[in-house]
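Contents: one structure, followed by commentary.
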Amino acid sequence: MKLRHLLALSAIAAMMALATGTASAQTITYRAGPFHVGGFETKLPKLQVRAPHMDGYITKMNATLHYANGRRVSIRKVMLHHIVFLNDGSPSNEPGGSCKGRKGEPFYGTGEEREQLLLPAGYGYRVREHDRWRMQTMLMRHSFAGRNVYVQYTFTLTKRRMTPVRPFWIRANGCKTTQPSYSVQELSSGLDHRTFRWTIPMNGRIVAAGGHLHGGAERMSLTQPACHNRKLLDTDPLFGPRGDLVYRIRPILHEPGPVGTRFFQSKTGIPVRKGEKIDLQADYDATVPRARVMSIMHVYIAQGPAPKGKRCAALPRDAREILLRRDGHISDPPYIKVPFNAVGDDGKVHPLATLPGKPTVFDGPAKVSLIHDRFVPAKIQIPLNGSITWTFADPVGHNVLFANGPQVVGTPTLSGGVKYTSRGFLKPGTYQLFCYLHPVTMHQEVIVKDPADNATGTIQPPAAPRAADTGSGELPRNADFGW
């Protein structure tokens, strides 16, 4: 099928051009979709979407989920877990990403924090007539019935000349892995701290910055090593108050993330020099393990001459942090244990404390098949420091995602007989794992027993240290989480 036909199917071209105070500015809304998200399904659309196909500057942008009739989609039904828009430029001028080897310039993204792109007055992200845009997103369904949903993205575009900004997306775990996610293991210090030393690629001024974080995040900031490690700005998370909708969604398929992050703005800007070292620092609560978290800062730099004067001059007085949500937020990340979820006799989904029956005991390496949308065997026992080889026998993709337990283990999405071996069972206890593509049918319970325990000792699931209502841990370079 030709590209123009694919675009016709994936993007509704109904453009709304609304005056926004000047003759040259307009608000444009496009839709991408429809995306059919089945019952409790996780969808990872990656596709080319409509660009404005005109020269100008984008000063503001956001993205939301809608039904065909235009009504907003509640997170009770489908969650926009994360989304990113990338500009591939023109065929003759394809920009690279912030990490080497990644193509396309990521210029706007958000997630559960519902961040918007908000540039200071006089600044804009430059777009051109022949630009090509891509979108990558992760959609999670929280109910039985499948529905069609659309990603609606709205931006303000002006043809008036602005000071252009360049977007850079930097990650606290650096660029060593293809994927931006990493795992937080339980640590005695109770804190997972990551620092990525970023080399500034151009002279200019940081005029805006936003952040994307997951559940358990405590803080994320840029610091300046050459100036006594002073903090330049932060995009710290804000979590919903007790009783917020994000904690009332059932079934619980993942730990709820922040409902907001601080967005930095300064028209004056923070001066930076090409080659200067800036540290991105991120902290996660590590009193419990957490799988596949992200610490991404979206930094927008206006290019200009090398800053004059002393290097550690005072930070701009007009710097401000914009909070898009203020209704009773809290800064300390709550912990929500992710349980197994299964369909009961009443036809409804309920949390499942443990899998029924006795475990299949393996004295050596364990072998498990993912076949017919099941783990076989589903409940197993292995020795401490043991291993499991999962065979992904189905033609459709499955994965192994950590729900709860002593230590994060997991796999990417695989299929067609591919085998994957994990040797990450270094702590005794009960590990509860599932396939996030089939979360109410595919469960794996692994009991890891230390031979030093007494012969009759039963290993119990670890207690949640801070339940509200209910090593490295890196995954392989080819793991695909839709970002």
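Overview of values
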{"quantity": "Cα-based shape type of region 92-185, given that a ≥ b ≥ c are square roots of the gyration tensor eigenvalues and the cut on a/c is 1.5", "calculated": "oblate"}
{"quantity": "Computed log₁₀ I(q)/I(0) - Debye formula, equal Cα scatterers, no solvent, region 308-365, q 0.13, 0.19, 0.29 Å⁻¹", "calculated": "-0.74, -0.99, -1.22"}
{"quantity": "Cross-link table Lys100/Lys267; Lys176/Lys427; Lys100/Lys277; Lys46/Lys267, entries beyond 23 Å C-alpha to C-alpha", "calculated": "Lys100/Lys267; Lys176/Lys427; Lys46/Lys267"}
{"quantity": "Where no second cysteine Cβ lies under 4.7 Å, the cysteines concerned in the chain", "calculated": "Cys435"}
{"quantity": "Rh (Kirkwood; distinct C-alpha pairs) - the chain, Å", "calculated": "23.9 Å"}
{"quantity": "Set of lysines with alpha-carbon distance to Lys43 below 19 Å, sequence-local pairs under 8 removed", "calculated": "Lys77"}
{"quantity": "Whole-number percent relative contact order across region 306-381, with pairs defined as alpha carbons under 8 Å at least 6 apart", "calculated": "18 percent"}
{"quantity": "Top positive-direction residue, dipole computed over region 331-399 with Cβ charges, set Phe340, Val396, Ala378", "calculated": "Ala378"}
{"quantity": "Per-selection metrics, region 148-254 (Cα): Rg and Dmax in Å", "calculated": "18.2, 55"}
{"quantity": "5 Å binning of all Cα-Cα separations within region 246-326, expressed as whole percents from 0 upward", "calculated": "3, 9, 15, 19, 16, 12, 9, 8, 5, 3, 1, 0"}
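Taken together, the values in this text are just the output of simple stated rules run on the coordinates, not laboratory data. Computed from a prediction, not measured in an experiment: that's the story for all the values here. Here the Cβ is made from the backbone with ideal geometry for all residues, glycine too, and neighbour counts use every protein chain on show.
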